[in-house]
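Worksheet: the structure to be examined is printed underneath.
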Amino acid sequence: MASATHPQAHPPAAGANMAVMAWTVGEVMRTEVVAVAADETVLMAWELLERTGAAYLPVLLPDGRCSGLLDRCEVAVACSAPAVVLSAQDVGTLLSGRRRPTVRPEESVRKAAVAMTDNNCEALPVLGSAGRLVGLLTASDIVAGLVRYPASASGNAEAPAIGPSTLTPGLGPRRDDRANPVP
């Protein structure tokens, strides 16, 4: 039902949405991805998530292949352990015993959406040659595709591989937007 403030309460015609499903993952995925090495500590993973505002954190093996994907909630739950445990726990241990689906840049968005639905997940690592991470596809990226054109008309079939993000431990920069600044 349409209203004055929301004139289009019904979705657009199926043809417009079907076009997005035919796009390739490479046309819709994000390539600016924060990643963590599998041997990094859970505390460092949490720090990366906090400082960057990322919701998902791909985990990379020493040879550059993607081992899996952690979401913010999984890392937050792991951080409920005592600090002495967290400083010795690698993020790779959070992935043990489970496999999360992946997708390739040349595959259709439709195939990726089906994989997300079948596996009850909201993000998929996008892997290029030899299993190396080249991007991340989230449900938000697909929704964004429904309301705009793809980021690149030519696609991004083989983006450069993404490596682990680096972070220097310590306090973040002072923020002046705090209600009660820390002295």
Quiz item: Karplus couplings for region 68-75 from phi (6.51 cos²θ - 1.76 cosθ + 1.60, θ = phi - 60°), rounded to Hz, Gly and Pro as x?
Solution: x, 9, 10, 9, 3, 5, 4, 5
Self-check item: Under Karplus coefficients 6.51, -1.76 and 1.60, residue-wise ³J(HN,Hα) of region 53-63 in Hz, glycine/proline x
Solution: x, 5, 9, 10, 9, x, 10, 10, 7, x, 7
Exercise. Mind checking the full-extension length gain between S80 and L146? Use 0.36 nm per residue of separation minus the Cα-Cα distance, one decimal, nm.
Key: 20.0 nm
Self-check item: Extension gain from R30 to S96, taking 0.36 nm per residue of separation minus the Cα-Cα distance
Solution: 21.2 nm
Quiz item: Using θ = phi - 60° and the Karplus form 6.51 cos²θ - 1.76 cosθ + 1.60, what ³J(HN,Hα) does each residue of region 79-92 get, whole Hz, x for Gly and Pro?
Solution: 6, 7, 6, x, 4, 5, 6, 4, 6, 10, 8, 7, 5, x
Quiz item: Taking H as built 1.01 Å from N, whose amide H comes closer than 5 Å to the amide H of L60, not counting residues under 5 places away?
Solution: V36, A37, A38, S67
Quiz prompt | Environment charge of P62, counting only residues whose C-beta is closer than 14 Å and scoring Lys/Arg +1, Asp/Glu -1 | solution = -2
Quiz item: Taking amide hydrogens as modeled 1.01 Å from N in the peptide plane, which residues meet the under 5 Å criterion relative to E107, leaving out close sequence neighbours?
Solution: V25, G26
Self-check item: Over region 88-140, relative contact order from alpha-carbon pairs under 8 Å, at least 6 apart, %
Solution: 29
Practice problem: Return one quarter of the surface area of the convex hull spanned by the alpha-carbon atoms of region 41-145, equal to its mean projected area, in nm². | Solution: 7.1
Self-check item: Distance between modelled label sites at D63 and R51, nm, 7 Å Cα→Cβ extension
Solution: 2.9
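Quick note: the coordinates plus some simple rules give every number you see, no bench work behind them. Bear in mind the structure is a predicted one, so any value in this text is a computation, not a measurement. Neighbour counts run over all protein chains shown; Cβ positions are idealised from the backbone, glycine included.
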